[in-house]
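Input: a single structure, listed below in structure tokens.
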Amino acid sequence: MAKTHVLIIVQNLPVPLDRRVWLECQALVARGYEVSVICPKGPGDPGRQQLGGVRIYKYKPAPQARGVLGYLLEFVYCWIRTALLANKVWRDRPFTIMQACNPPDTYWLLARIWKRRGVRFVFDQHDLNPELFLSRFGTPTSLPARAQLAALRWLEKQTYAAADQVISTNESYRKVAITRGGMDPDDVTVVRSGPDTSVMRPVRPHDPPPHADRHTLVYLGIMGPQDGVDTVLEVMEELVHRRGRTDVDAVLMGFGDCLEDLKRRCTELGLDDVVTFTGRAGSALIAQHLSAAAVGLCPDLKTPLNDVSTMNKTMEYMAYALPSVSFDLVETRVSAEDAALFVPSGDVAAFTDAVESLLDDPELRVELALRARERAAKVLDWGPQSAAYVQVYDSMCAIGESPKAVEGFEYVDLDDPDALRQFVLTRGPAVT
């Protein structure tokens, strides 16, 4: 019997750098699905590659967008390149299901086109783009800004309307899909972006750290306007220049629109000797720095988007038994519970105080680290999320459905011990 072929579309990150999407791919392959991915190239990536049983089709990324027109051109360029590669994937092997991961919310039209050939559409919603707009620019007052927000809401609505199934990263996103998106609750499944804790776990360094007399603060993630990474520099300035600490440095892993601005700001603040920017970080570099750090930093401000978004970095810090400090966000509390310290959004002094309390109290660091690792492994791990994710596809393909009973009969529920016991007792004379 031929395997069901799934095509996954990603625009904002290459695969396997997008860890959530890569885990999804591996879950589908392990279940017996055939998986292809379309995404932009990372530095040095080939146009075609096969990794872990997944065929990856890559295109040259668009130039960095600037302004509304720049983003429009980027979306159009990526959409066309993706549409052309989708045809190539189909020629290589027809696909049955298409999954699009946002941002942006533009691939509903491609899904509509392929639905004419019987392809079903799964929307894996990583971001709420209207909330992203509001978080970056505030409530629009001008006509052009209101039009942009209206366009984002329209694109999101069209994506929901085209979707056969929606995958949400948390309950907050699921609620939006049902209320604002009009989705049937049965067609919306929460699949959290949990870490694979069998792989993401503390490692011992090969060599002694270069600055064994320092505590290292670490940031891991995208560096965009909404991510608040400038707060990390403010915290370092407070610790080093105002509080006079000589026992602290910071490592910032990741990339994004603000990276170069952050580097310039770092120089202006006189922090170049205590702050390191790694750029894109692979799994080995992430393991190295998260295992060596003393505190993980979650500087995302409370905004309409951040408050309801699950922060991958929080859970990844936890997987590495790393205590963290975060501004107080609804979904970050859901992830970390009592394994992190929370301070009011935007209060840099309180954030710095919380960091310093961890640096100066090794027992508190240990306590939070142990809580973090335990919660990551027992509650947030990708394993249960993987099962929920694969079940979406199994249900669409009628895999693993309960067998239909012989006509005129009803199957006994074998998963209910009490029901099975009662059934056994009904055989023969009644038990008294």
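The values are calculated or read from the model by the stated rules, or taken from the named source; none is laboratory data. These numbers come from a predicted model, not from an experiment. A quick note on method: Cβ atoms are made from the backbone with ideal geometry, for glycine too, and the neighbour counts reach across all protein chains shown. To get the accessible areas, we keep the full protein, side chains included, count just its heavy atoms, and leave off ligands, DNA and RNA. Shrake-Rupley method; radii C 1.70, N 1.55, O 1.52, S 1.80 Å.
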Could you say which residue among Val21, Val10, Val54, Val37 is under 19 Å from Met223 (Cα atoms), of a type in the set (Val, Ile, Thr) and in contact with a strand residue (DSSP E or B) (Cβ under 8 Å, 6 or more places away or on another chain)? Val10
Could you check the range 72-162 for helices (runs of 4 or more DSSP H) lying wholly inside it with 1 or more residues that are among the hydroxyl-bearing types (Ser, Thr, Tyr), under 23 Å from Val390 (Cα atoms) and open to solvent by less than 30 Å² (accessible area, probe 1.4 Å)? 143-162
Selected residue [charged (D, E, K, R) and free of Cβ contacts under 8 Å to residues at least 12 places away in the same chain] from Asp213, Asp187, Asp196, Asp207: Asp207
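A quick yes/no check of all residues on (1) farther than 16 Å from Ala293 by Cβ; (2) open to solvent by 10 Å² or more (accessible area, probe 1.4 Å); (3) part of a helix (DSSP H, G or I); (4) free of Cβ contacts under 8 Å to residues at least 12 places away in the same chain:
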{"site": "Leu358", "(1), (2), (3), (4)": "no, no, yes, no"}
{"site": "Ala369", "(1), (2), (3), (4)": "no, yes, yes, no"}
{"site": "Arg373", "(1), (2), (3), (4)": "no, yes, yes, no"}
{"site": "Gln385", "(1), (2), (3), (4)": "yes, yes, yes, no"}
{"site": "Val392", "(1), (2), (3), (4)": "yes, no, yes, no"}
If you check Leu84, Leu152, Leu110, which single one turns out to be out of contact with any helix residue (DSSP H, G or I) (no Cβ under 9 Å at 6 or more places or on another chain) and not polar (S, T, N, Q)? Leu84
Which listed residue, of Thr310, Thr332, Thr314, is within 21 Å of the chain's Cα centre (by Cα) and at pLDDT below 95: Thr310
Of the residues in the range 299-347, those that are among the aliphatic types (A, V, I, L, M), under 15 Å from Leu368 (Cβ atoms) and free of Cβ contacts under 8 Å to residues at least 60 places away in the same chain come to Val325, Ala336, Ala339, Ala340, Leu341, Val343
Condition met for Thr276 (of a type outside the set (Gly, Ala, Ser), touching a strand residue (DSSP E or B) at 6+ places or on another chain (Cβ under 6 Å) and surrounded by fewer than 18 Cβ atoms within 10 Å (Cβ to Cβ)): yes
Condition test on Val68, is it open to solvent by less than 10 Å² (accessible area, probe 1.4 Å), among the β-branched types (Val, Ile, Thr), closer than 28 Å to Gly181 by Cα and in contact with a helix residue (DSSP H, G or I) (Cβ under 7 Å, 6 or more places away or on another chain)? no
State all residues of the range 279-322 that are open to solvent by less than 20 Å² (accessible area, probe 1.4 Å), part of a loop (DSSP other than H, G, I, E, B) and more than 22 Å from Gln226 (Cα to Cα); if no residue qualifies, say none. Ala293, Ala294, Tyr320, Leu322
Could you list, in sequence order, all residues of the range 200-224 that are open to solvent by 80 Å² or more (accessible area, probe 1.4 Å) and modelled with pLDDT of 90 or more? Arg201
Being among the small types (Gly, Ala, Ser), touching a Leu at 6+ places or on another chain (Cβ under 7 Å) and part of a loop (DSSP other than H, G, I, E, B) narrows Ser335, Ser345 down to just Ser345
Which listed residue is within 24 Å of the chain's Cα centre (by Cα) and surrounded by fewer than 21 Cβ atoms within 10 Å (Cβ to Cβ), from Glu24, Glu34: Glu34
So which residues in the range 1-30 are more than 24 Å from Met311 (Cα to Cα) and touching a Ser or Thr at 6+ places or on another chain (Cβ under 9 Å), if there are any at all? Thr4, His5, Val6, Leu7, Ala30
Answer with yes or no whether Asp261 is under 19 Å from the mean Cα position of the chain (by Cα) and acidic (Asp, Glu). no
Meets criteria (open to solvent by less than 40 Å² (accessible area, probe 1.4 Å), farther than 20 Å from Arg204 by Cα, in a helix (DSSP H, G or I) and without any contact (Cβ under 8 Å) to a residue 40 or more places away in the chain) for Ala350: yes
